[in-house]
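Please treat every number below as a calculation from the coordinates, not as lab data. Worth saying up front: this structure is predicted, and the values here are computed from it rather than measured. Glycine gets a Cβ as well: all are built from the backbone with ideal geometry, and neighbour counts include every protein chain shown.
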């Protein structure tokens, strides 16, 4: 824990805040009130949250403070590091009784009757929930511009997007409105906003964190992840949410590893640099910063070799068949019978067409139509079936690469944060933002995104490390080694 | 090999009131929907 005096307790890292709570230097209520004050001050310009839950947060903070008093007296009981820490939750994860919209008008007013397992585990660990963060509608997007409730603004430049779809979570962490946040990653939705907002984001392996209570988008791709100010801050969050859950049949039963971050010595680590991830047209400053960061890993002892993932170029078209196909099936449940607002209702078809036609946004409708077409009789084999075959080839690229290297290093996105509205009505150019992150979702492997520099306009640049399935510990350890010897991640945006 | 499904154990259903609480329309403890069949 740093001993540097901080003028504002929201400047503490999560681990510093945890230490201050344990020592009694501060209380959880004090910490929570500081975050709520900051939300009140900056939320009008950022719009990182869709729902703020001050009453719930303060109630949880008081409970946490009581537990901390008992813990100090007894001293022997184990207390999770996130106990008493104010966190935020992406608004695609259910929290019982609290409005959960997925950034969509079709779920306006929906109060889930149950809580997602990942959120429940945060509550069980004694953390404090400040509210639900903004997202592209049903997590479909790379900028939060597809949120039906308006975009989130990037704390580094309010005219720019924070990335997406977990852009609200990334902006909230970057702006010090909370100490960490949960996000979800179906095609890059944790890693890309982390890069755009200068924070550290972990996309977990498929099956590592329960999706029970995560409102589904692409079921073979969806993962729950987390965003924080550093890799070391992510460790206790990951340890709290990961692990088998019998309520999610895709959750793996492998035991969680002990994560010892250790020193900055990376000797023995083999890092592969996939040549297909440095493409023509990417922002030169991004390439330069990522290559410098790879050199830095080498200076810490890692050996670096170039590798090839030959099917990378096919990941984007494959993803945009599989994800919309699964989305079209998942979103069929929004029929205005059991939840959500209802429009029309002359007869059942009128109810379906009016409600869905009016309350789904354009990007969601586009993906439902693409997916329905790809799954339709006569086209299934040609599109969805073929995409699944190519997906296997993409996964085999990763399997082959991991026979010779431990990690893959690449840019997170081809550019830094773009201006709100810049991609306008060109969905394809928006889809290209995820070109370096989609392959990990198709392969089911974990990835981490962390800051490695700034461009000439002062916008953060992120680097991505990818590991084998269930290799989160190595990702966190390597990112921590980098952050122990650099300061990019510690620089906050200058919010007025 | 491991069965991924949870044990098939009998448990109580969620409360009807809770499950109906988000319904846009309900009637006598049931979801209300528009007519599905046309009038003859």
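Give the average, rounded to an integer, of partner chain Cβ atoms located within 10 angstrom of each Cβ in A:283-289. Could the numbers behind the result be given before it?
Details: counts 0, 0, 0, 0, 0, 0, 0.
Per residue, the number of nearby Cβ atoms from other chains is 0 on average.
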For the pair residue A:425 and residue B:22, how long in nm is the line joining their label points, each one 7 Å along Cα→Cβ? 3.4 nm
Full extension from residue A:111 to residue A:41: what is 0.36 nm times the residue separation minus their Cα-Cα distance, to one decimal in nm? 22.5 nm
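Would you compute, from DSSP H runs of 4+ residues alone, the mean residue ellipticity of chain A at 222 nm, taking -39500 (n - 2.57) per run and dividing by the full residue count, rounded to the nearest 500? If you can, show how the numbers build up before the last one.
On the way: 15 runs with 182 residues, N = 496.
So the helix-based figure for chain A works out to -11500 deg cm²/dmol.
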Projected area averaged over all directions for the convex hull of the alpha carbon atoms of the range A:1-130, nm², comes out at 8.7 nm²
In range of the label at residue A:23: residues from the range A:216-234 whose backbone nitrogen is under 19 Å from the point 7 Å along Cα→Cβ: A:233
Which percent, nearest 5, of DSSP beta bridges in chain A are antiparallel? 70 percent
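Remind me, relative contact order of the range A:251-406 in percent, using alpha carbon pairs under 8 angstrom and six or more residues apart? Write down the numbers at each step before the final one.
Values: 143 pairs, mean separation 46.2, N = 156.
With pairs under 8 Å counted, the relative contact order is 30 percent.
Within 10 Å of each Cβ of A:328-341, how many other protein chain Cβ atoms are there on average?
2
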Cα coordinate range in the range A:341-453, projected on the principal axes (Å, largest first): 62, 39, 23
Calculate the FRET efficiency for residue A:335 and residue A:377 from the Cβ-Cβ distance with a Förster distance of 22 Å, rounded to the nearest 0.05. 0.50
Quick one: if you stick a label point 7 Å off each Cα along the C-beta vector at residue A:30 and residue A:73, how many nm between them? 2.1 nm
Would you give the gap between the C-alpha center of the range A:432-482 and the C-alpha center of the range A:359-375, rounded to a whole Å? 29 Å
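Could you give the length gained on full extension between residue A:267 and residue A:495, defined as 0.36 nm per residue of separation minus the Cα-Cα distance, in nm? Intermediate results must be reported in sequence, preceding the final value.
Details: separation 228, 0.36 × 228 = 82.08 nm, distance 3.92 nm.
The span from residue A:267 to residue A:495 would gain 78.2 nm if fully extended.
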At 7 Å along the Cα-to-beta-carbon direction for both residue A:124 and residue A:250, put a label point, then send me their distance in nm to one decimal. 2.1 nm
Shape descriptors of chain A over alpha-carbon atoms, Rg and Dmax in angstrom, are 21.4, 69
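List the relative contact order of chain A as a percent without decimals, with contacts defined as Cα pairs under 8 Å and 6+ residues apart. If you can, show how the numbers build up before the last one.
Details: 1176 pairs, mean separation 85.4, N = 496.
With pairs under 8 Å counted, the relative contact order is 17 percent.
Give me the percent relative contact order of the range A:210-307, please, defined on Cα pairs under 8 angstrom at least 6 residues apart. The partial results should precede the final answer.
Values: 80 pairs, mean separation 25.5, N = 98.
Worked out over the range A:210-307, it gives 26 percent.
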